[in-house]
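Input: a single structure, listed below in structure tokens.
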Amino acid sequence: MSMPFYVSPEQLMKDRADFARKGIARGRSLVAVQYADGVLFVSENPSQALHKVSEIYDRIAFAAVGRYNEFENLRIAGVRLADMRGYSYDRRDVTGRGLANAYAQTLGTIFSSGGEKPYEVEIFVAEVGDSIEDDTIYRLTYEGRVADEHGYAVMGGDAETVAAYLADHYADGATLEVALGVAVAALGHATEGGQTTDRVIPVGDLEVAVLDRTRTQPRKFARIRPARIEELLGERGPSEAAPAEAPEPPLSADSDDDPPVAPPL
Amino acid sequence: MNDARIPTAYMQPGTSSFSDFLSEHAPDLLPARKSLPAGSAADIAPHGTTIVAATFPGGLVMAGDRRATMGNVIAQRDIEKVFPADEYSVVGIAGTAGLAVEMVRLFQVELEHYEKIEGSILSLDGKANRLSALIRANLGMAMQGLAVVPMFAGYDLAQGTGRIFGYDVTGGRHEERSFFTVGSGSLFARGALKKLYRDNLTEAECVTLTVQALYDAADDDSATGGPDLSRRIFPVIYVVTADGARKLADEEVGSIADAVVAARMGRPDGPNAPILPGEEARR
């Protein structure tokens, strides 16, 4: 007879949360900042093809950090949900809240189900309204928690340092230039052993997108290209690429821990 | 969106086509998936009529009249039959209005869906082919009198020109280089375009040309509506260039229509084309 080890539910959930958090913290940070005309997303992402920020619907955008294949699946599901709802009802019936709810249920179910590995992702769902007061940013965490963010929000990597910088420098209702300047400076800000360093991130390594309510088209999402980013940021001094990201260890190679033991017959 | 977990099908990568996704997971939402009782249903639903399109260097113009008919009755006098398909293309519809509008809605979502999932815009030929597939799916209903015959046109970003695609009810598509017409008044409109079209038109001339062609269609086809001066209802006109598709404002079309109608007061058959090359047109 095999005798399974007893693991308390608290411990089980803590282990799963630690696992997810570790995965999310491995990547770089992403910030969402409210500005006068909508919501701005900035992340340091050298890849031009694999986006962390994308369009879901007319007024809704999606941003994520963590494991790419997992958040890509969630993004596609979001696009399908939104298009399906907009097609069968009306474009105005697609809301960020509905989408955030669907994501929360999905992430929550996966996190607490025994059979699946928890998703190592954190997500922002942002929706732009007719005025600053109507703009919303929802934060969704790996365990399905939803939080309503105001002003600015940071996730992934060294989120605390970046958030602390934004807390000191963020101002409501800023122009795009100012908001982008603060967001990029925040991403370049780092603290190591009590020493703060400020790095100028190369324009080519920035992924920048906005939900801009002043766009005349019904689709308010727009990516901001490097030439325009350069123009918006102005002169910043010599730039410095980030140190290479730690490669993601394959799932099965947690060799520091004890190797799994086959159950006795 | 319901409050439960997102269904697994939504999370599976695979198709970037919204209509393919619908046909697998919500086939009832597809406009062409209805089975009709035997017999013709041609007279039960309003029909849209004439659409014309013409290219000019750097873009194209598509215009549609505003009439929908049901037998001898004018079902609607301000229907819109030209729609933006996406930022760089437009689609105009002739045939059963209810089905056609639904097909356009599906086509619009189809293009946007692909763009969002893939992160890139479909080629103009790709868009035209997708529309073929949607029309072909409607063949059964077309056989029973509920045909939808759209026209698709767009600015080809790769070639830098405006291109027009015509369709038949089986989804067969053909490209037209200079101008094209569909709908009940299309023969008369095409005759007008044949005589008036030149390949060096300016944008403004091209817009006026389409208004002239629609006037001629309305002149000889009872199902096509001419400019309604008393109600100020004018053709819907889209101009597509490298800057994207733009709908002309009512005032803009109104002043062109006023000028066209005023000229017809003197010469009801419209502008005169020369009979022999080199000959001046006689007024």
Accessible carbon and sulfur surface of region A:9-233 relative to its total accessible area, %, 1.4 Å: 50 percent
Taking 51 Å as R0, compute the FRET efficiency from the Cβ-Cβ separation of A:Arg223 and B:Ala45 and round it to 0.05. 0.75
So which of A:Lys220/B:Lys81; A:Lys22/A:Lys52; B:Lys116/B:Lys247 end up more than 21 Å apart by C-alpha? A:Lys220/B:Lys81; B:Lys116/B:Lys247
Rank A:Gln217, A:Gln195, A:Gln48 by mean-square fluctuation in a GNM of chain A with C-alpha springs under 10 angstrom and give only the top-ranked residue. A:Gln195
Probe 1.4 Å, accessible area per residue of chain A, Å²: 50 Å²
I'd like the Karplus ³J(HN,Hα) series for region A:184-197: coefficients 6.51, -1.76, 1.60, θ = phi - 60°, whole numbers in Hz, and an x wherever there's a Gly or Pro. 5, 4, 5, 5, x, 7, 9, 10, 9, x, x, 9, 9, 10
Along region B:159-174, what does the Karplus equation 6.51 cos²θ - 1.76 cosθ + 1.60 (θ = phi - 60°) give for ³J(HN,Hα), rounded to whole Hz, x for Gly and Pro? 8, x, 9, x, 10, 10, 10, x, 10, 10, 5, 8, x, x, 10, 9
Where a ≥ b ≥ c are the square roots of the eigenvalues of the C-alpha gyration tensor, would you call the protein assembly as shown rounded, which needs a/c under 1.5, or, failing that, prolate if a/b is larger than b/c, or oblate? prolate
Taking the 0 to 90 degree range and rounding to the nearest ten, how far is the long axis of helix A:9-25 tilted relative to the main principal axis of chain A, both from C-alpha atoms? 40 degrees
Under a point spin-label approximation (7 Å from Cα along Cα-to-Cβ), what is the B:Thr241-B:Glu176 distance to one decimal in nm? 2.2 nm
Quick one: 3J(HN,Hα) in Hz for region B:40-52, Karplus 6.51/-1.76/1.60 with θ = phi - 60°, rounded, Gly and Pro as x. 8, 10, 4, 8, 8, 10, x, 10, x, 10, 9, 10, 10
What are the residues of region B:20-38 that lose 50 Å² or more of accessible area, with a 1.4 Å probe, going from their chain alone to all protein chains? B:Leu29
Could you give the dipole magnitude of the protein assembly as shown about its Cα centre, charging the beta-carbon of Lys and Arg +1 and that of Asp and Glu -1, in debye to the nearest 20? 2000 debye
Report the full-extension gain for the segment A:Thr214 to A:Ala49: residue separation times 0.36 nm, less the Cα-Cα distance, to one decimal in nm. 56.7 nm
Given R₀ = 35 Å, what would the calculated FRET efficiency be for B:Thr15 paired with A:Ala171, taking r from the Cβ atoms and rounding to 0.05? 0.20
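Starting from 0.36 nm per residue, how many nanometres of slack lie between B:Leu276 and B:Glu251 once their C-alpha separation is accounted for?
Full-extension gain reported as 5.3 nm.
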Connecting every pair of Cα atoms under 10 Å apart in chain A and solving the GNM, the largest mean-square fluctuation among A:Tyr87, A:Tyr35, A:Tyr103 falls on A:Tyr87
Long-range HN-HN contacts of A:Glu120 with modeled amide H, under 5 Å: A:Arg67
Counting heavy atoms of the protein chains only and a 1.4 Å probe, report the per residue accessible area for chain B as a whole number of Å². 45 Å²
Out of residues 5 or more away from A:Asp158 or on other chains, whose amide H comes under 5 Å of its own, with H placed 1.01 Å from N in the peptide plane? A:Ser29
Starting from the Cα of A:Thr196, step 7 Å along the direction of its Cβ; do the same at B:Glu205; then give the gap between the two resulting points in nm. 6.5 nm
Within region B:178-199, backbone nitrogen closer than 14 Å to the virtual label 7 Å beyond the Cα of B:Val169 toward Cβ: B:183-184
Would you mind checking which residues have amide H under 5 Å from B:Gly185's amide H? H placed 1.01 Å from N; only 5 or more apart, or other chain. B:Thr50
Share of accessible surface on carbon and sulfur in chain B, whole %, 1.4 Å probe and ligands ignored, is 52 percent
Buried accessible area for the B:A pair, summed, 1.4 Å probe, in Å² rounded to 100? 2900 Å²
Mean-square fluctuation check for chain B, GNM, Cα pairs under 10 Å: which of B:Phe83, B:Phe18, B:Phe180 is largest? B:Phe18
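The values are calculated or read from the model by the stated rules, or taken from the named source; none is laboratory data. The structure displayed is predicted, hence computed values, not measured ones. Don't worry about glycine lacking a Cβ; one is built from the backbone with ideal geometry, like all the others, and counts go over all protein chains shown. Quick note on the areas: whole protein, heavy atoms, side chains included, nothing else; ligands and nucleic acids left out. Shrake-Rupley method; radii C 1.70, N 1.55, O 1.52, S 1.80 Å.
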